[in-house]
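**Student:** Sharing a structure here in structure tokens format.
The values are calculated or read from the model by the stated rules, or taken from the named source; none is laboratory data. Bear in mind the structure is a predicted one, so any value in this text is a computation, not a measurement. All Cβ positions, glycine included, derive from the backbone under ideal geometry; neighbour counts span all protein chains shown.
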Amino acid sequence: MYAHSSIFPTLHPPPKSNHVTAATGTVDLGGVDPYNASDLLKLYFRELPEPLLTYELYNDLISLKGSKESSHGYIEGLRELLAKLPLPNRTLLQYIVHFLCRITFCAEVNRMSPSNIALVFGPELIRPRYDRTRLLPHAILFW
């Protein structure tokens, strides 16, 4: 189903089925509310002690995004940064990118274009480190 490239896959449209093949067999997802599944996935990434794209790489990734390099230079820079991720992070990132790309194939129906996917999942995958206790005095004002 996937033809792998060096960073991200070239994907073929998903099959017309509500079944997912898991390691233990086939799971019918026909009755699952897609909003609940999406919320659960976002919650998983939000509750990680460190984001999938680690705090250590945050500034470099943001700087790379803002650079005016050629697309080739950007891709090479991204490849170098992603290589610095711990193997479990890199493996999960590859899997989640495959999955989210598949969702965009149905963008005409689900309205999840690549830019919408980025808006929904981006903040869960990469975020700056911050001291939650510094936010506490401001949060009390809204109670």
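**Student:** So how many residues does region 56-94 have that are basic (Lys, Arg) and assigned to a helix (DSSP H, G or I)?
**Tutor:** Initially, region 56-94 is screened for residues basic (Lys, Arg), giving 65, 68, 79, 84, 90.
Checking the rest, the ones that are also assigned to a helix (DSSP H, G or I) come to 65, 79, 90.
So the count comes out to 3.
**Student:** Search region 77-106 for residues being surrounded by fewer than 16 Cβ atoms within 10 Å (Cβ to Cβ), among the basic types (Lys, Arg) and in contact with a Leu (Cβ under 9 Å, 6 or more places away or on another chain), and hand back the single one that is farthest from Asn59 (Cα to Cα).
**Tutor:** Only one residue tops the list, namely Arg90.
**Student:** From Tyr74, Tyr58, which residue is modelled with pLDDT under 95, surrounded by 12 or more Cβ atoms within 10 Å (Cβ to Cβ) and out of contact with any Leu (no Cβ under 9 Å at 6 or more places or on another chain)?
**Tutor:** Answer to the check: Tyr58.
**Student:** If you don't mind, another one. Looking at region 40-48, is at least one residue surrounded by 12 or more Cβ atoms within 10 Å (Cβ to Cβ), at pLDDT below 95 and assigned to a loop (DSSP other than H, G, I, E, B)?
**Tutor:** Checked against the condition, which is being surrounded by 12 or more Cβ atoms within 10 Å (Cβ to Cβ), at pLDDT below 95 and assigned to a loop (DSSP other than H, G, I, E, B), region 40-48 yields at least one hit.
**Student:** I've got another one for you. Considering only region 95-131, how many residues are more than 17 Å from Pro34 (Cβ to Cβ) and in a helix (DSSP H, G or I)?
**Tutor:** Total satisfying the criteria: 9.
**Student:** So, in region 51-91, of the ones that are more than 16 Å from the chain's Cα centre (by Cα) and of a type in the set (S, T, N, Q), which residue ends up farthest from Pro123 (Cα to Cα)?
**Tutor:** My answer is Ser70.
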